[in-house]
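Colleague: Dropping the structure in here first, questions after.
The values are calculated or read from the model by the stated rules, or taken from the named source; none is laboratory data. This one's a predicted model, so the numbers in the text were calculated from it and none came from an experiment. Cβ placement follows ideal geometry from the backbone for every residue including glycine, while neighbour counts extend to all protein chains displayed. Accessible surface areas use protein heavy atoms only, side chains included; no ligands, DNA or RNA. Shrake-Rupley method; radii C 1.70, N 1.55, O 1.52, S 1.80 Å.
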Amino acid sequence: MDLKQALESLETIQRKLYAYNAASSALYLDGDTVAPRDTAEGRGIALGVLAGEQHMLLTGPELGETLAELEAHKNELDLLHARQIEELGRTVGKLKRVPAQEYMAYAQLTNEAGDQWKRAKQASDFGLFRPYLEKLVDYNRRFAAYYDPAKAPYDALLDEYERGVDTAYLDDFFSVLRQRLVPLIKAVGERPQPDDSFLHRHYPVEQQKKFSDYLMQVLDLDRAHCGIGETEHPFTLNFNSADVRITTHYYEDDLASSMYSVIHEGGHARYELDVDPKLDYTVLAGGVSMGVHESQSRFYENIIGRSRPFIGAIFPQMREFFPEQLADVTEEAFWRAVNRAQPSLIRTEADELTYCLHVMVRYELEKALIGGELAVKDVPGEWNRLYKEYLGVDVPDDAHGCLQDSHWSGGSFGYFPSYALGSAYGAQMLRNMERDMDVWGPVAKGDLSGVTAWLTEKVHRFGGLLTPAQVVANACGDFDPACYTDYLTKKYTQLYGL
Ligand code: ZN
């Protein structure tokens, strides 16, 4: 194989990987949206075959020879190809280091653990999930050693989700959050709460759907390239930079729920649609990491979507969609209601201010579990203790405590911190954006084009061409978590008159 052949082979293999992914995603999307209830079995078989084909392609001789030939000509490659072989090499290396038998056994374990977690959560009984969590922690400690034996196990796992992030980085990050946010949340808690009862009037689904269409228009999401569906838990799925889908969930007694799901998932979709199309059908397509992705979705949802200028811009339209429900509501009251902050038990329902403390609890527990300093049997007690310490709330039972999230049952340890990092990256991006341009004048008129253009220039267009750390440096400069705590302090001081 010569260089020219190797480059052709590289392109062909990446297109095949894209096709397997696209087929799996289409099946997954179908299953979660419109497929009839008792049809999962056949899809499961198809998904299993596709995963097997993908694994064979990644670990097979064809890709091995291709990568070896390209490695030998590394200095002649442009950035695009250099990054493609770097990413593929990483994936292949990781897959080959994990013994096939353990890989298969682990896939089966996460499958069973997912079912058992659902049962345990329903019964609110951690004891039912405990033996599975013990095995999952053991496997992940072993896998961490396969990924990178030089690193502490939790650091090796973190690197899988947010390349370059480790415990030292996160300890500093969360310690700034803890010092500044715990007292701020306490001060907010001592102030009277704004009325948000009007958000829970009757909002018919049909009207909310029209409102979703309007919000997607405000985000400039071209409906010829971005679809919207309904699922229990909202998500975004990308096929390529010209085909992205978002979902939402409508509650007739909660206007803000779907409204902010659409803006959040719309932010993820904005990112995917704005990636340079040259990266399509390669391993560099799509958003670069979970943390950077969350920085974008949360930017649109919280920093823009919950700002006073944005509410001012869309409120007159909202009143046309919901004339009776909002007849006696002012835009000022609406802005205060959607920013109501109060410590609570459930992460996914948390407000912008308290959200990161939910993540911090999970970070500390994961770090100790994977580090071997916390026994699985002690998880509920530690969980409840930390919720009391950081959020001041008493956890009544496991369902509202350590069993609320599915992540660990799926084997994801090291994923949670990305949520908090994304929020913090976004706040620093805002600071830099405000230095570069007038952010709020156009937003107050409902015009987000400048915001999107800035984010596209600094973040979106690169897809995976840059590493997560490079993208963050490009948009944030030197990462400084104080930008985030300053942003929250300013916002909530104004909202609550501290
Ligand atoms: Zn998200």
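Colleague: Hey, what angle do you get for helix 205-218 against the long axis of the chain, alpha-carbon based, 0 to 90 degrees rounded to 10?
Modeller: Taking the Cα atoms of the chain, the angle to 205-218 is about 70 degrees.
Colleague: Hey, what's the Kirkwood Rh for the chain if you take every pair of different alpha carbons, in angstrom?
Modeller: Working: mean 1/r = 0.0414 Å⁻¹.
Computed over Cα pairs of the chain, the Kirkwood hydrodynamic radius comes out at 24.2 Å.
Colleague: Using the C-alpha gyration tensor of region 255-407, what are the square roots of 5 times its eigenvalues, in whole angstrom, with the largest one first?
Modeller: After scaling each eigenvalue by five and taking roots: 33, 26, 11 Å.
Colleague: For helix 40-59, report the angle its Cα long axis makes with the longest principal axis of the Cα atoms of the chain; keep it between 0 and 90° and round to the nearest 10°.
Modeller: Once rounded, one gets 50 degrees.
Colleague: Starting from region 377-474, pick out the trypsin sites (Lys or Arg not before Pro) whose DSSP state is loop and whose Cβ has at most 15 other Cβ atoms within 10 Å. Present the calculation step by step, with values, prior to reporting the outcome.
Modeller: On the way: sites: K377, R385, K388, R431, R435, K445, K458, R461; in loops: K445.
Sparse-neighbourhood loop trypsin sites (Lys or Arg not before Pro): K445.
Colleague: What ranking of T236, T354 comes out by heavy-atom accessible area, probe 1.4 Å, highest first?
Modeller: Working: T236 40, T354 0 Å².
Per-residue accessible area, sorted high to low, gives T236, T354.
Colleague: Over 19 Å between Cα atoms, which of K118/K209; K209/K491; K94/K135; K186/K490 qualify? Walk me through the numbers before you get to the answer.
Modeller: Working: K118/K209 30 Å; K209/K491 30 Å; K94/K135 21 Å; K186/K490 15 Å.
Cα-Cα > 19 Å for K118/K209; K209/K491; K94/K135; rest within.
Colleague: Mind checking the full-extension length gain between D195 and R223? Use 0.36 nm per residue of separation minus the Cα-Cα distance, one decimal, nm. Before the final figure, lay out each step's value.
Modeller: On the way: separation 28, 0.36 × 28 = 10.08 nm, distance 3.52 nm.
Fully extending the segment from D195 to R223 adds 6.6 nm.
Colleague: Turning to a different aspect of this structure: Counting only protein chains, not ligands or nucleic acids, how are D125, D274 ordered by accessible area (probe 1.4 Å), most first? Intermediate results must be reported in sequence, preceding the final value.
Modeller: Working: D125 65, D274 30 Å².
I get D125, D274, largest accessible area first.
Colleague: Calculate the translational D of region 387-498 in whole µm² s⁻¹ from Stokes-Einstein, where the hydrodynamic radius comes from the Kirkwood formula applied to all Cα pairs, the temperature is 10 °C and the viscosity 1.306 mPa s.
Modeller: Values: Rh = 17.0 Å.
D = 93 µm²/s.
Colleague: Sorted by accessible area with a 1.4 angstrom probe, largest first, how do V34, V283, V359 fall? Walk me through the intermediate numbers first.
Modeller: Values: V34 115, V283 55, V359 0 Å².
I get V34, V283, V359, largest accessible area first.
Colleague: Considering the dipole of region 33-163 built from charges on the beta carbon (Lys and Arg +1, Asp and Glu -1) around the Cα centre, which of V49, P149, Y106 is farthest to its positive end?
Modeller: Y106
Colleague: Just add up the charged neighbours of V292: K/R +1, D/E -1, any other residue whose Cβ is under 14 Å from the Cβ of V292.
Modeller: On the way: positive: R163, R270, R298, K458, R461; negative: E162, E272, D274, E294.
Overall, the nearby charge balance is +1.
Colleague: Moving on to the next point. What percent do you get for the relative contact order of the chain when only Cα pairs under 8 Å and 6+ apart count? Intermediate values should be presented prior to the final figure.
Modeller: Details: 657 pairs, mean separation 96.9, N = 498.
Relative contact order, the chain: 19 percent.
Colleague: Starting from the Cα of D253, step 7 Å along the direction of its Cβ; do the same at K209; then give the gap between the two resulting points in nm.
Modeller: 2.3 nm
Colleague: Given a 1.4 Å probe and the protein chains all in place, what does the accessible area of E69 round to, in Å² to the nearest 10?
Modeller: 40 Å²
Colleague: What whole-number distance in Å separates the alpha-carbon centres of region 231-274 and region 2-21?
Modeller: What the calculation gives is 31 Å, centre to centre.
Colleague: Restricting things to alpha carbons, tell me how big region 293-370 is in terms of Rg and Dmax, in Å.
Modeller: 16.3, 53
Colleague: With a cap of 10 neighbouring Cβ atoms within 10 Å, and only residues DSSP puts in a loop, list the GluC sites (Glu not before Pro) found in region 340-383.
Modeller: Hits after loop and neighbour filter: E373.
Colleague: Hey, with R₀ at 22 Å, roughly what FRET efficiency would Y169 and E373 work out to, going by the Cβ-Cβ distance, to 0.05?
Modeller: 0.70
Colleague: I'd like the orientation of helix 379-391 relative to the chain: the angle between its Cα long axis and the longest Cα principal axis, in ° from 0 to 90, rounded to 10.
Modeller: With both axes taken from Cα atoms, the answer is about 40 degrees.
Colleague: Treating the beta-carbon of each Lys and Arg as +1 and of each Asp and Glu as -1, no other charges, what is the dipole magnitude of region 406-498 about its Cα centre, to the nearest 20 debye?
Modeller: Values: 7 positive and 8 negative charges, 31 e Å.
Dipole magnitude for region 406-498 comes out near 140 debye.
Colleague: Also: Bin width 5 Å, origin at 0, all Cα-Cα pairs of region 359-403: what percent of pairs per bin?
Modeller: Bins of 5 Å from zero give 5, 24, 35, 24, 10, 2 percent of pairs.
Colleague: Charges only on Cβ, +1 for Lys and Arg, -1 for Asp and Glu: so what's the dipole of region 3-123 about the Cα centre, in debye to the nearest 20?
Modeller: Values: 14 positive and 18 negative charges, 93 e Å.
Using only the charged Cβ atoms, the result is roughly 440 debye.
Colleague: Sticking with this one: In terms of the ratio Rg/(2.2 N^0.38 Å) built on C-alpha atoms, what value belongs to region 3-123? Walk me through the intermediate numbers first.
Modeller: Numbers: Rg = 18.2 Å, N = 121, 2.2 N^0.38 = 13.6 Å.
Cα-based Rg divided by the globular estimate yields 1.34.
Colleague: How large is the dipole of the chain about the Cα centre if only Lys and Arg carry +1 and Asp and Glu carry -1, each at its Cβ, rounded to the nearest 20 debye? Write out the running numbers ahead of the final one.
Modeller: Values: 50 positive and 76 negative charges, 120 e Å.
Dipole about the Cα centre, nearest 20: 580 debye.
Colleague: Here's something else I'd like to know. Can you figure out the FRET efficiency of D480 with E434, using R₀ = 25 Å and their beta-carbon distance, to the nearest 0.05?
Modeller: Values: r = 15 Å, r/R0 = 0.60.
After rounding to 0.05, the efficiency reads 0.95.
Colleague: Give me the percent of accessible area attributable to carbon and sulfur for region 217-299, probe 1.4 angstrom. It would help to have the intermediate numbers written out before the result.
Modeller: On the way: 1270 of 2850 Å².
For region 217-299, the apolar C and S fraction of the accessible surface comes to 44 percent.
Colleague: Could you tell me the accessible area of L386 in Å² (1.4 Å probe, neighbours in place), rounded to the nearest ten?
Modeller: Accessible area of L386: about 10 Å².
Colleague: A follow-up question, please. What does the charge add up to near L79, with Lys and Arg as +1, Asp and Glu as -1, over the other residues with Cβ less than 13 Å from its Cβ?
Modeller: Working: positive: K74, R83, K278; negative: E76, D78, E86, E87, D276.
Local net charge: -2.
Colleague: Rounded to whole Hz and in sequence order, give me ³J(HN,Hα) for region 488-498 from the Karplus expression 6.51 cos²θ - 1.76 cosθ + 1.60, θ = phi - 60°, writing x for Gly and Pro.
Modeller: For region 488-498, the Karplus-derived couplings read 5, 4, 5, 4, 7, 5, 5, 5, 9, x, 6 Hz, x marking Gly and Pro.
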